[in-house]
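Chemist: After the structure tokens below, expect a handful of questions from me.
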Amino acid sequence: MKFFRCGVCGYVHEGDDAPDQCPKCGAAKEKFSPIDEAEAKLIERSRYTNDLHCRLIALMGEVISLAEAGIDDALDPPCIALFKNAKEKATIIAQSCKAEIRGHMNKGKWG
Ligand SMILES: [Zn+2]
């Protein structure tokens with residue numbers, strides 16, 4: 001499998017040939033450049049991990065929403081403390097995932 005990057009928007013296409021038109025920005029096929037094998041391997045390897053980070057960020061968003069509902073519900077002080085703790089931890093995990101993804105992008109582990 002080969003990878004091609006749109007020179008206009010950075011969209012990465014996976015296939016035997018570049019697409020006739022960029023599905024993201026509409027740029028013509030000629031705007032696509034092939035990605036070399038080393039970078040292609042890095043992209044392939046990184047996609048799975050980056051997807052896991054994205055899924056974890058989405059789940060932490062759900063945890064934060066549940067925790068906020070629990071804080072608003074305010075049944076008793078231990079519950080409020082637990083929900084505040086859950087919100088704080090979920091925020092840290094989500095932000096840590098984002099920092100990790102940013103690091104990956106800076107090292108070309110993205111695509
Ligand atoms: Zn594009």
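Chemist: From the list GLU62, GLU88, GLU68, GLU37, exactly one residue is under 21 Å from CYS6 (Cβ atoms) and among the acidic types (Asp, Glu). Which is it?
Modeler: Working: GLU62 fails: under 21 Å from CYS6 (Cβ atoms); GLU88 fails: under 21 Å from CYS6 (Cβ atoms); GLU68 fails: under 21 Å from CYS6 (Cβ atoms).
One residue alone meets the criteria, GLU37.
Chemist: Sticking with this structure for a sec: In segment 14-42, what count of residues is obtained for those that are surrounded by 12 or more Cβ atoms within 10 Å (Cβ to Cβ), assigned to a helix (DSSP H, G or I) and within 16 Å of the ligand (Cβ to nearest atom)?
Modeler: 2
Chemist: Whether any residue in segment 40-57 is among the aliphatic types (A, V, I, L, M), farther than 20 Å from GLU100 by Cβ and under 28 Å from the mean Cα position of the chain (by Cα) is what I want to check. Before the answer, list the steps.
Modeler: Narrowing segment 40-57 to residues among the aliphatic types (A, V, I, L, M): 40, 42-43, 52, 56-57.
Narrowing further to those that are farther than 20 Å from GLU100 by Cβ: 40.
In the following step, the residues that additionally are under 28 Å from the mean Cα position of the chain (by Cα) were identified as 40.
Checked against the condition, which is being among the aliphatic types (A, V, I, L, M), farther than 20 Å from GLU100 by Cβ and under 28 Å from the mean Cα position of the chain (by Cα), segment 40-57 yields at least one hit.
Chemist: Can you report the number of residues in segment 1-13 which are more than 7 Å from the ligand (Cβ to nearest atom) and in contact with a helix residue (DSSP H, G or I) (Cβ under 6 Å, 6 or more places away or on another chain)?
Modeler: 2
We did not get these values from a lab; they are worked out from the coordinates using the rules stated. Since this is a predicted model, take the numbers as computed values, not measurements. Cβ atoms come from the backbone with ideal geometry, glycine included; neighbour counts cover every protein chain shown.
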